[in-house]
Amino acid sequence: MILEMVRANGAVSLRELARVVQTSEVTVRRDVRALEAEGLLDRRHGGAVLPGGFSREPGYPQKTHLAAAEKSAIADLAAGLVAEGDAVVVGAGTTTQELARRLARVPGLTVVTNSLLVAQALAHANRVEVVMTGGTLRGSNYALVGSGAEQSLHGLRVSKAFISGSGLTAERGLSTTNMLSASVDRALVQSAAEVIVLADHTKLGADTMFQTVPTDAITRLVTDEHATADDPTARQLDALADCGVQIDVAPLGLPVEQPVHGTGPVQHQAPLGVGPRRAAPPPPGAAPLPGQRRPGAHSGMIVRPLATGRP
């Protein structure tokens, strides 16, 4: 059953495998280790992928079902970083597609994208201007790539770039499995003052063929709360924070308070470019303030819960 899930989806988290086969993550991890020894799959931090994961990319239908709840939570949080009247670039991917659906509610927004899925999500949005790059259509992810896409981005300047990929490590930064996609993504981020990476926990620790954004060029990472639950992914978050990346963690299964556009995100986020990247720990015995890590939590990581009114 584990092999069938990995073959169907390309990559599956240990948590999802444990849920489907109705056993513990410890048992699943042991089975995945045994299957890797037989050459039937490759282990990744927090999950398993098909052999040859450095170059293999799941198709769009498989990606839409992988970590769907986590992508939704990440998109909810990331949308709060966009204010009325902003100009942003949004790259291709299923997580950025989720973000685009939420950006449709931001008035006066200009979105530059090479993704047909992002453009489709914004096509009927009132007061949102969508600018498409040129290029050649890559059918596996419905993105425009090639020299036409890259040349159309020359001279562009926007406030923020929202981008995803196939893997993220502190050592190499964001990476992807396709050379043409990587080249366009690099052109997208070069146009932005701030680079915001959207990556769920299955991407953390994964390293694929083509580097998109080096770690020192990433301003902020938005990930999901499962990234803090496993030691390998939590260590990646620590390492990224030590490199100067601001970490925002989206909780799962909670309603989202919509931002008041024009005033920035609801105050589960610190204003961009203001204050330190990492919060200082609270004094001994004191309750942590919002945005501060709890005693014993992984150093350097800022957990910013959404404002929900939940006790």
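Numbers below:
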| item | result |
| --- | --- |
| Yes/no for Thr169 being of a type in the set (S, T, N, Q), touching a Phe, Trp or Tyr at 6+ places or on another chain (Cβ under 6 Å) and in the same structural domain as Ala87 (by TED's automatic domain parsing) | no |
| Residue in region 67-85 that is at pLDDT 95 or above, among the hydrophobic types (A, V, I, L, M, F, W, C) and assigned to a strand (DSSP E or B) present | no |
| Residues of region 210-234 classified as in a loop (DSSP other than H, G, I, E, B) and either in contact with a Ser or Thr (Cβ under 6 Å, 6 or more places away or on another chain) or crowded, with 17+ Cβ neighbours inside 10 Å (or both), total | 3 |
| Selected residue (criterion: modelled with the lowest pLDDT) from residues of region 26-47 that are more than 23 Å from the chain's Cα centre (by Cα), closer than 16 Å to Pro232 by Cβ and of a type outside the set (Lys, Arg) | Glu36 |
| Selection count, region 111-121, where residues are without any contact (Cβ under 8 Å) to a residue 40 or more places away in the chain and either of a type in the set (Asp, Glu) or in contact with an Asp or Glu (Cβ under 9 Å, 6 or more places away or on another chain) (or both) | 2 |
| Given (1) out of contact with any Ser or Thr (no Cβ under 7 Å at 6 or more places or on another chain); (2) in a helix (DSSP H, G or I), index of the condition Thr96 fails | (1) |
| Flag for Val189 being among the aliphatic types (A, V, I, L, M), under 21 Å from Glu98 (Cα atoms) and in a strand (DSSP E or B) | no |
| Hits in region 235-253 (condition: surrounded by fewer than 21 Cβ atoms within 10 Å (Cβ to Cβ) and either at negative phi or under 11 Å from the mean Cα position of the chain (by Cα) (or both)) | Arg235, Asp238, Ala239, Asp242, Cys243, Pro251, Leu252 |
| Counted residues, region 111-162 - those being among the small types (Gly, Ala, Ser), more than 23 Å from the chain's Cα centre (by Cα) and under 14 Å from Asp86 (Cβ atoms) | 1 |
| Total residues in region 215-225, condition modelled with pLDDT under 95 and either outside the structural domain of Gly244 (by TED's automatic domain parsing) or within 15 Å of Thr176 (Cβ to Cβ) (or both) | 0 |
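The values are calculated or read from the model by the stated rules, or taken from the named source; none is laboratory data. Here the structure is a predicted model, which is why all the values come from computation and not from measurement. Cβ sites come from the backbone with ideal geometry, for glycine too, and all protein chains shown count toward neighbours.
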